[in-house]
Each structure stands twice: as C-alpha cells, then as structure tokens.
There are 2 protein chains.
Amino acid sequence: MLNFKLSLPTKLVFGKDEHKNVGKLISPFAKKVLLLYGSERIKGNGIFDDVTASLKGSGIEFVALGGVVANPRISLVYKGIELAKQEGVDSVLAVGGGSVIDSAKAIAAGVLYEGDIWRAFNPETRFTPEGRVKKALPIAAILTIPAAGSEMSNVSVVSDDMIDDRGLKTLAESEFFMPRVSIINPEFFFTLPKDQLANGVSDMMAHVMERYFTVTPRTDLTDALSEATLRVIMKNAPILLDNPTDYDTWCEIGLAGTMAHNNVLGVGRLADFGCHNMEHEISALYDIPHGAGLAILFPNWMRYVYKEHIDIFLQFAVNVMGVEGGFRDKESVILEGINKLSRFYRTLGLPQTLGELGIDGSRVREMAERLTGVAYGNEEFRHGFAYPLGTDEWEKILESCL
Amino acid sequence: MLNFKLSLPTKLVFGKDEHKNVGKLISPFAKKVLLLYGSERIKGNGIFDDVTASLKGSGIEFVALGGVVANPRISLVYKGIELAKQEGVDSVLAVGGGSVIDSAKAIAAGVLYEGDIWRAFNPETRFTPEGRVKKALPIAAILTIPAAGSEMSNVSVVSDDMIDDRGLKTLAESEFFMPRVSIINPEFFFTLPKDQLANGVSDMMAHVMERYFTVTPRTDLTDALSEATLRVIMKNAPILLDNPTDYDTWCEIGLAGTMAHNNVLGVGRLADFGCHNMEHEISALYDIPHGAGLAILFPNWMRYVYKEHIDIFLQFAVNVMGVEGGFRDKESVILEGINKLSRFYRTLGLPQTLGELGIDGSRVREMAERLTGVAYGNEEFRHGFAYPLGTDEWEKILESCL
C-alpha cells in the first residue's frame, strides 16, 4: 500500500426531505448565497421553492443564477463570478448534477482568485504557483443527478466555450473545492430520463474502475471495497429502468455514486484516470455525454492494457463480473469479463461504439494528440498514471472504439 | 435505507514515516500541546523521540503525560485536565492505542467543560443538556495499536477507578471528539504481542458486525462494504501471527480498523451495539481485554438473536464465512457460519468462554442488571438498538458464555 492522505470535510446529509433543512445546514457559513442551478425544471417540480423557503426560514438571502449545461462552460462561470461579486454573496449553493456543482466550485474559487479563473483549469498554467486555487467561498450542494460524485470530491471540470477545433475541457483539483455540506434526497432521481440514469451509472462505475485497475501491489481492502461497490451498482441500476420511483434502489445508486469518487476506495493505490482524460477530449470536440464516452472507452482500454497487470483484470472478471475462474486460461477469463461489462452497458442503453454517437475516425489522431499535448507543440505526455500511454496507443484505442 | 448524516472531519495520514510529519500536520492549531501516551515503551523504540523532534521542528511546545492503561481510568483524565490547564496547552496529541486516544478526547473536552467531565460519561447525566460535551481542544492522534478505531471516531470510552462492585465503564459521543488529524504508520505494529493483535482484530470485527447485523431492510451497499471489510480482516490477520513484520499486511489491518468504526460502513442502517455495551460491563468488573470479551460474546449473542432477522445472518454465513448456501436448511447454514467465526477467533488465540479468563457465573445476573440499569434502581432499559434485549435475555447470553 502506498502512503496516503484522506480528507473528507464534506458533511453528507442523505435521505427524504433533507433538502428542506438546507437553510439550517448552511447557516453557519452563509448569510447571502449564490443559488446556482441548471435548467428551469427545478422551478416546476417544487425543488426551487423548497430550497428558497428553507433559506428564507433561516434568514439567508439568495441570488439565483440558472443555465448551467452538461459539459459546463466557463462563460457561465464568469457570469456567476461577476454576479457573486456584485451582490456580495458569501457562499455558493449548487442545486443540480455534476455540471452545476463543478461550476459552483469554479465560481466560489473565482470570486477570490487573482486574475482569470480559467488559469486554474488551463493545463498550461494550473500547476504553477500562481495558477493554483488558494481559497474559495464555502460551497454547498443539493444533488439532483447521481453521477459525477462532485458532491464529495475536490475536483471541478469545466469547458471553454469553443466547442470546435480549439475546444478545451479540463479540470482543476483543490481542497477548497470540497463542499462543506452536500445533501442527497434520492426522491429527486425519480424523474430522471433513462439516458441520464445510464450515463450517471457509467460515470460512477468509471470512478471506481479508474482507481481499481491499479498496478500497486497488495491493496486487498480497497480492491474488495471497490468490487463490492461495482457489484451493488450493477445489481441496482437495471432495476431502475422499470422502476424509476423505487426509493430504496435509488438510495443504493445515490450513495454508491458519492462513495465512488470521494476517494475512500482509492486510498493507498495508484489510480489511472487515463480514460477520464481521454473522454474529456472526446466531449470537448463532440459535446457527448461524459458517461456515454466512458462506457465506450473502458472496455476498449481494458482490452488494450490488461496484459500489463493480468492479476487485477482477472480479479475484476471473477469478483465483479462473476466469470467462472477455476483452471481456465486467464486471458479468456479476462476477455469474458470485459465482454460482460460491455453487455451490461448495452443493458442500460449505453452506446458501445463512437459511430453510434455519429463520431467517425476523422479526428481520432487529433484527439489523441490533444490528450498527450502534442497538438499544442508540447513534448508528449503519456496519459494514465497506472498505465501511461502515448499518442499512438491512445489513437489505437480510439480506433477500436469506432 | 434510513436518512443519515456522515461527517468525517479527521484528516487521515497513513504510511511509513508519516509520524515524523506530526509537527507540520498539527501546526495549524497547535502551539503548545499535551502529549499523552501509555507505557514508557515509546521512549525505548524511538517513537517518542521522532514525535518530539517533529514538534520542536515546527516550533510546537509540549508537555508529556504517560501512564494511560487499557480500560482507561478517569483519574488519569483528571490529572491530564489539571496539567493541561496549568500549562495552558491549546491541543492534545495522543500517541498510543484506543485507550490513549479515548483519554485524550476526555481531557480535550474536560479542559473546556463546566464542572466534572465524568458527567459527560455517566449514563445518568450524559444525555442532559448540561452533561453533553459542547466543545473541546483540538485533538490529534498517532496510532500504535490498530483496534478501537478511536483515531477516526466520535466516541470516547472511560472507566471510573473502582474496578469493584461499583465499577463503571462507559462512553461519551461528541462531534468534538473527532481528531483533526490522525496518523497511522503500520510499522509501529511490528512489535505488538500476539494477544494485542488478536484483541484488536476482534474489536474491529465487532465494530463492523455491530453495524452489519441490522434490521433495516435494503442496505445493499453497506452490507457489501462490511462483508468485504470482514473478509479482508479475516484473510490478513492470521498472516501476521507468523509474519509480524509484514508491512503490507499490517496496512490492510490498520486501514480496516479505521474504516470499521468511522461509520462509513454504518450509514443508513440501524446498528446494534448491544454486545459492545455488555462487554463494557464485563471489563468494568473483571478488567479483561475488550477484544477478548467481544470474541466470547458475539457468537453467543448471534445464536440467541439470529431468528429475529434470518436473512442478514444467512448472508453473513455465506458472504463472510464462506459457508456453502444452496438449497440447505437456512438455520444450519447460519449456525455453521457462527461456528466458523468461533473457530476463527480460536485461530488467533482468543478465548471462547468466560471461564478461560477465570470468570465464573457468580456475577452474571449483576452484569446483566447493570447493563439494563436495573442494578441502579432504574426502569429496565433493553440494550441493543436492532435487537433490544432485557435483563433476563442478557443473563441467558452471559450464561451461554461461561
């Protein structure tokens, strides 16, 4: 096991009606809050009213800003920062899924940041001492889509606004991005369209798998916890296709989504995150759902790298996918496990080729080069911490995804 | 799943040599610290020197106080409070196992408590508004024995000093008891005697099982995470009997011990804790190791209550103890699982009867009555949140332990 630090300052508040306590929960740090959300749907379904009533009940003023979209844009972050400064808010409350929470993090940091907050995200500047996020307004979140795990993570993913050949989707990490309070009421998930369920499940499974497929030797506990989490997700998600208002099943998915990315499952082991970064390049150019891109990438990535660390992929096939092990050839067990994963994604209605999303091979090389930095004239950066792959290798994986 | 709140403000710092960073880690809140420890052994093995050198390196003053014993006594807590006040310390650093960390929590709260801190522990007063802990000095811990999970829990267990017919071993819970920083260097465990390994393993398994044997329906994720944790503990602990300096194996046990009691495994489900409270009565009167008492109680408690919630005990037998399920009679599967658990305890050298610890049946009724409060002239309080049992029932369980 590797040395590690684990810090989880987010108070997680989970269950029916808990969003109605938001005022009381954030009152220790909020007098006037920026209430950030996505579509206007939350005004039709009562969530907005419940939340604002709770804020008022605790004497907390608020300024509301909607319009965050999937693959959230820096332009709305700028707008939020300006509004927050103008109104003198002291905190940011996100009501939404990962895109809203990620944008809230960028705004909360941006209000106190010297210069353009994009520098904290831009790969060219984010690792410099000046680029780093050094403080942020306190953040709270009310989750409406279980997927990204942003409600208990230190990560924010934002895209610039040029979804064209110069588009960039990138992330920043900071301890100041951890929400102080996150509220999950699984009843909010009842009305999610099936594709959002599927994309969310794919994203949370990817968060577990990015950590699970390590090369660190002897990580028994986090292996077993990760396998347990994946099995529970795969057991429960299909139930929701036919029973979208099954509260107890949504509880499992909602809690699993948070546990998948708060790094409890990742301590002491080298995570990879190559597929995540590759997917960001795909959705930067094509604006596809992150979860769909991950569902296509993962099986193909696994087929490409499994020989590097046979044991963990074998363990995955047997312990997660339930492939019969015994005295069979290891590789056939592994490949059967990968095929079963692919069929599971299909069960949820997820695509398994880029072609299904209308993406052809014309920009495959470009995406690989953008990932490794070659596209920007930099020295090639091999992506994937556990299995570092160069431009040619990522190109091959993308080709196998077509 | 039940509604829940999860708050884990402890920064966990894990791995080789990390104790040497203690000064830097606690410097945000410590200028002058009370360094609390148990036996003088830490002065012979270099830990004390490493820790104090790190404190000095960060310009942190310290006052040292040793002498904490297993089943820690309130008298030493009083001594610590007095010393802390006299020296004007601003924080408490525990270097030791659960007893030292629990005592540090009591001291940290006691310094800022109005009146006698024992009132925060005494069952008669601890639930009153005046009794509750409302603040505490910041606490940090360096763990030397993996067992109690106190390094990331909100609990402190302390005994009064009269280990006779009026002895009391009791606990207080408070959010202010969560350490700010806890450091685990598994190398410290290399020199633990085998009985401390065994007692520690029994304690951490009990922390998982107290939460696991619930009556809450549909707790898939926490069930699966708990089963995974128990399997990993049971796989790794026996390795250490013959290989006490196996660092990677100690890492698994060290991390499992912390995860077992930080409540990640307990969210959304009703835990029991009947056996824990019963064990406190045994060790209050007989001063036996907590882990040994739990290893005796658990199988007997399971045989007494399993019919109340067949499914979870069946799941335990199959998923944790590896009993073949299939079309067999459920009860025989469950009983085989319990017998296998008992044999596992034996493998570690743990007792399976009270007689082995020199305890006869003479005070069995008294212990049961103390647990339920009848001994103090109170109305009977049935102990165990999931399986509430009265005096007669606990008496029967204790008799089956003889």
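Readers should treat all values here as calculations from the given coordinates under stated rules, not as data from a laboratory. Because the structure is a prediction, the values reported are computed rather than measured. Note: ideal-geometry Cβ built from the backbone for every residue, glycine included; neighbour counts use all protein chains shown.
Taken along its principal axes, the alpha carbon cloud of the range B:1-58 reaches lengths of 49, 25, 23 Å, longest axis first. Computed from label points 7 Å out along Cα-Cβ, the spacing between residue A:248 and residue A:304 is 4.2 nm.
Here is how far apart the residue B:190 label points are across copies: 5.9 nm, shortest first, using a point 7 Å from Cα toward Cβ.
Summarising the amide proton neighbourhood of residue B:66: residues at separation of 5 or more, or on other chains, whose placed amide H is nearer than 5 Å comprise B:37. Could you give P(r) for chain B, binned at 20 Å from zero, as whole percent values over all Cα-Cα pairs? Result, from short to long distances: 28, 59, 12, 0 percent.
Here is the list for the range A:317-402: trypsin sites (Lys or Arg not before Pro) lying in DSSP coil, each with at most 16 other C-beta atoms within 10 angstrom of its C-beta, are A:328, A:382. Computed from Cα atoms, the angle from the helix A:220-242 axis to the main principal axis of chain A rounds to 70 degrees. Loop-located chymotrypsin sites (Phe, Trp or Tyr not before Pro) in the range A:113-204 (DSSP state not H, G, I, E or B) with no more than 12 neighbouring Cβ atoms inside 10 Å: A:127.
Which value does Rg/Rh take for the range B:250-309 over its C-alpha atoms, Rh per Kirkwood?
Taking Rh as the inverse mean 1/r over Cα pairs, Rg/Rh reads 1.02.
Applying 1/(1 + (r/R0)^6) with r as the Cβ-Cβ distance of residue A:124 and residue A:69 and R0 = 35 angstrom yields a FRET efficiency of 0.90.
Expressed as a fraction of 2.2 N^0.38 Å, the value expected for a compact globular protein of N residues, the C-alpha radius of gyration of the range B:223-285 is 1.35. Plainly put, the range B:80-187 has a radius of gyration that is 0.97 times its Kirkwood radius, both from alpha-carbon atoms, as the Rg/Rh ratio. Each principal axis of the Cα atoms in the range A:212-340 has its own extent, and those three values, largest first, are 43, 36, 29 angstrom. Annotation: peptides B:7-16, B:140-149, ranked by per-residue average of other Cβ atoms within 10 Å with the highest first, follow the order B:140-149, B:7-16.
Over chain B, Cα pairs under 8 Å with separation of 6+ residues give a relative contact order of 15 percent.
Using R0 = 22 Å, the C-beta based FRET efficiency linking residue A:195 and residue A:343 works out to 0.75. With both residues required to sit in the protein assembly as shown, DSSP beta bridges show an antiparallel share near 30%.
Spin-label model, residue B:87 to residue A:324: label points 7 Å out along the Cα-to-beta-carbon direction sit 6.6 nm apart.
Note: relative contact order over the range B:85-173, using C-alpha pairs below 8 Å and six or more positions apart, is 35 percent.
Excluding residue B:197 itself, calculate the net charge of residues whose Cβ lies under 12 Å from the Cβ of residue B:197, where each Lys or Arg counts +1 and each Asp or Glu counts -1. Here the charged neighbours net out to -3. Within a straight-line Cα-Cα reach of under 26 Å, residue B:169 can be paired with the following lysines, leaving aside sequence neighbours fewer than 8 residues apart in one chain: B:79, B:85, B:105, B:134, B:135, B:194, B:396.
Averaged over the residues of B:224-237, the number of partner chain Cβ atoms lying within 10 Å of the residue Cβ comes to 4. Each residue of the range A:262-272 was assigned a 3J(HN,Hα) from its phi angle through the Karplus expression (A = 6.51, B = -1.76, C = 1.60, θ = phi - 60°), giving 8, 6, 4, 7, x, 5, x, 9, 7, 8, 9 Hz with x at Gly and Pro. Between 0 and 90 degrees, the angle of helix A:98-111 with respect to the longest Cα principal axis of chain A falls at about 60 degrees.
Relative contact order for the range A:124-281: 29 percent, from Cα pairs under 8 Å spaced at least 6 residues apart, divided by residue count. Shape of the range A:128-190 from the C-alpha gyration tensor: oblate (a/c of 1.5 or more and a/b not above b/c, with a ≥ b ≥ c the square roots of its eigenvalues).
What do you get for GluC sites (Glu not before Pro) in the range B:43-120 restricted to DSSP loop and a cutoff of at most 10 other Cβ within 10 Å of the site's Cβ?
Those satisfying the criteria are B:114.
Counting only DSSP beta bridges with both residues in chain A, tell me the antiparallel percent, nearest 5.
20 percent
Residue by residue along A:12-19, Cβ atoms of other protein chains within 10 Å of the local Cβ number 4 on average. Residue by residue, the range B:359-373 carries 3J(HN,Hα) couplings of 9, 9, x, 5, 10, 4, 4, 4, 4, 5, 6, 5, 4, 8, x Hz when phi is fed to the Karplus relation 6.51 cos²θ - 1.76 cosθ + 1.60 (θ = phi - 60°); x denotes Gly or Pro. Sorted shortest first, the separations between the residue A:331 label point and its copies elsewhere in the assembly read 5.3 nm; each point sits 7 Å from Cα along the Cα-to-Cβ line. Ranked from largest, the principal axis spans of the Cα set of the protein assembly as shown equal 83, 62, 53 Å.
The equivalent ellipsoid that matches the C-alpha gyration tensor of the range B:1-101 spans semi-axes of 22, 19, 16 angstrom, in descending order. Working note: Karplus 6.51/-1.76/1.60 with θ = phi - 60° gives the range A:142-153 the couplings 10, 7, 10, 9, x, 5, 6, x, 4, 5, 9, 10 Hz, where Gly and Pro are set to x.
Inter-copy label distances at residue A:399, shortest first and taken from points set 7 Å along Cα to Cβ: 7.8 nm. Each peptide in A:97-105, A:246-254 receives the mean, over its residues, of other Cβ atoms within 10 Å, and ordering these scores from highest gives A:97-105, A:246-254.
Give the angle, between 0 and 90 degrees and rounded to the nearest 10, that separates the Cα long axis of helix B:391-401 from the longest principal axis of the Cα atoms of chain B. The helix B:391-401 is inclined about 90 degrees to chain B. According to the calculation over all Cα-Cα pairs in the range A:152-299, the P(r) per 10 Å bin from zero is 11, 36, 39, 14, 1 %.
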